[in-house]
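> Please find one structure pasted underneath; my questions will follow.
The values are calculated or read from the model by the stated rules, or taken from the named source; none is laboratory data. For clarity, every value in this text was computed on a predicted model and none was experimentally measured. Every residue, glycine among them, receives a Cβ derived from its backbone with ideal geometry; neighbour counts consider all protein chains shown. Note: accessible area is taken over every heavy atom of the protein model, side chains too, but ligands, DNA and RNA are not part of it. Shrake-Rupley method; radii C 1.70, N 1.55, O 1.52, S 1.80 Å.
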Amino acid sequence: MTKFLDPLDSAFILLETPGTSMNIGAVIELEVGGAEDPEKRFAELRDHVASRLHEIPVLSQRVVRAPFDMTWPILVRDEKFDLDRHVVRVALPSPGSTAQFDAFVSEFLSRPLSPQRPLWQLLVVEGRNDDRPVLVM
């Protein structure tokens with residue numbers, strides 16, 4: 001069965017142009033808890049996302065637009081889905097100031113997402129001068 005995007009979601013797809021990104025983002029500061037090792041913490045987070053993907057099927061679906069946009073875009077399963085393209089670990093350059101973090105998030109959220117893959121990415125940002133990891137989605 002074909003699943004069409006609703007009008008609001010379709011508008012985000014159809015109104016995006018090379019100079020106008022229609023991304024919506026979130027910044028979430030994490031409490032480190034028990035996992036002090038950044039590699040272990042990232043692996044746990046990635047594994048948790050992988051274990052829950054089946055609960056939100058749209059995360060493994062990509063958008064396909066109709067020729068000449070004659071109808072709403074549809075969602076189809078991405079047969080080449082690779083979680084490692086969507087959950088990524090990055091580090092700010094030293095000293096990891098608030099200004100550097102803000103500039104990084106601004107650049108990330110203004111970057112268009114590839115329509116060849118599901119339209120989401122989760123970054124685990126490390127290297128802030130307060131040593132708190134942050135999720136940017």
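> May I ask you to verify whether residue 56 is under 30 Å from residue 127 (Cβ atoms) and without any contact (Cβ under 8 Å) to a residue 12 or more places away in the chain?
Values: under 30 Å from residue 127 (Cβ atoms): yes; without any contact (Cβ under 8 Å) to a residue 12 or more places away in the chain: yes.
Spelling it out, residue 56 is indeed under 30 Å from residue 127 (Cβ atoms) and without any contact (Cβ under 8 Å) to a residue 12 or more places away in the chain.
For (1) open to solvent by less than 40 Å² (accessible area, probe 1.4 Å); (2) modelled with pLDDT under 95; (3) over 18 Å from the mean Cα position of the chain (by Cα); (4) more than 30 Å from residue 102 (Cβ to Cβ), each residue gets a yes or a no:
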site: 24; (1), (2), (3), (4): no, yes, no, no
site: 30; (1), (2), (3), (4): no, yes, no, no
site: 35; (1), (2), (3), (4): yes, yes, yes, no
site: 67; (1), (2), (3), (4): no, yes, yes, yes
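> Right, another one. For the subset of the range 105-130 comprising residues that are open to solvent by 50 Å² or more (accessible area, probe 1.4 Å) and in a helix (DSSP H, G or I), which member is nearest to residue 53 (Cα to Cα)?
109
> For the range 89-104: of the residues being surrounded by 15 or more Cβ atoms within 10 Å (Cβ to Cβ) and without any contact (Cβ under 8 Å) to a residue 40 or more places away in the chain, which is farthest from residue 19 (Cα to Cα)? Full working, then the answer.
Of the residues in the range 89-104, the ones surrounded by 15 or more Cβ atoms within 10 Å (Cβ to Cβ) are 89, 92, 96, 100-101, 104.
Then drop every residue that is not without any contact (Cβ under 8 Å) to a residue 40 or more places away in the chain, which leaves 92, 96, 100-101, 104.
Details: 92: 26, 96: 28, 100: 23, 101: 23, 104: 18 Å.
Among those residues, the one meeting the criterion is 96.
> So for the range 81-92 (the condition being more than 22 Å from residue 112 (Cα to Cα) and part of a loop (DSSP other than H, G, I, E, B)), does at least one residue qualify?
Taking every residue of the range 81-92 in turn, none turns out to be more than 22 Å from residue 112 (Cα to Cα) and part of a loop (DSSP other than H, G, I, E, B).
> Examine the range 54-62 for a residue that is in a helix (DSSP H, G or I), among the charged types (D, E, K, R), modelled with pLDDT of 90 or more and open to solvent by 60 Å² or more (accessible area, probe 1.4 Å), and state whether such a residue exists. Explain how you work it out, then say what you get.
Going residue by residue through the range 54-62, those that are in a helix (DSSP H, G or I) are 54-55, 57-60.
Now drop any that are not among the charged types (D, E, K, R), which leaves 55.
Those left that are additionally modelled with pLDDT of 90 or more: 55.
When the remaining residues are screened for being open to solvent by 60 Å² or more (accessible area, probe 1.4 Å), the result is 55.
Yes, because at least one residue in the range 54-62 is in a helix (DSSP H, G or I), among the charged types (D, E, K, R), modelled with pLDDT of 90 or more and open to solvent by 60 Å² or more (accessible area, probe 1.4 Å).
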